[in-house]
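S.K.: Take this structure, written in structure tokens, and hold onto it; I'll ask about it next.
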């Protein structure tokens, strides 16, 4: 579970969205956050942190090392999950746990981004 929590899916997701759509989504998110800050000044600090995070993600998307690291983290995670599932019925053992639940959005993300057929994901072994 810690590996899933440690992986930043925002970086990975945004890096696999075509640039024209990514820019639209990024601007939309920032506008929504700014509007929410104006509507709810009592929790503006929380929205300010979210806005800062949106700008940080935009900067990180320009760094090839960050993008490569994100993909490597995901591949390591998927390799570990594959190994565990080859030995047990579920990620953390013989029963369904929170670890299995946390993996579902990761797998759904790969499916939604249509990366399951990408050669990047093919296991060379």
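A short reminder: the numbers here are calculations on the coordinates, not readings from a lab. Computed from a prediction, not measured in an experiment: that's the story for all the values here. All Cβ positions, glycine included, derive from the backbone under ideal geometry; neighbour counts span all protein chains shown.
S.K.: Residue 21: closer than 21 Å to residue 111 by Cβ and over 21 Å from the mean Cα position of the chain (by Cα), yes or no? Break it down into steps so the answer makes sense when it comes.
M.R.: Working: closer than 21 Å to residue 111 by Cβ: yes; over 21 Å from the mean Cα position of the chain (by Cα): no.
Here the answer is no, as residue 21 does not meet what is asked.
S.K.: Residues of the stretch 73-115 being exposed (fewer than 11 other Cβ atoms within 10 Å of the Cβ) and under 26 Å from residue 57 (Cβ atoms), which ones?
M.R.: Across the stretch 73-115, the qualifying residues are 104, 108, 111, 114.
S.K.: Which residue pairs have Cβ atoms under 6 Å apart, sit 6 or more places apart or on different chains, and have a first residue in the stretch 92-104 that is within 20 Å of residue 74 (Cα to Cα) and a second that is in a helix (DSSP H, G or I)?
M.R.: The qualifying pairs are 92/99; 102/4.
S.K.: For the stretch 86-106, what are the residues that are in a helix (DSSP H, G or I) and under 18 Å from residue 2 (Cβ atoms)? Break it down into steps so the answer makes sense when it comes.
M.R.: Residues of the stretch 86-106 in a helix (DSSP H, G or I): 86-87, 98-106.
Within the stretch 86-106, 98, 99, 100, 101, 102, 103, 104, 105, 106 qualify.
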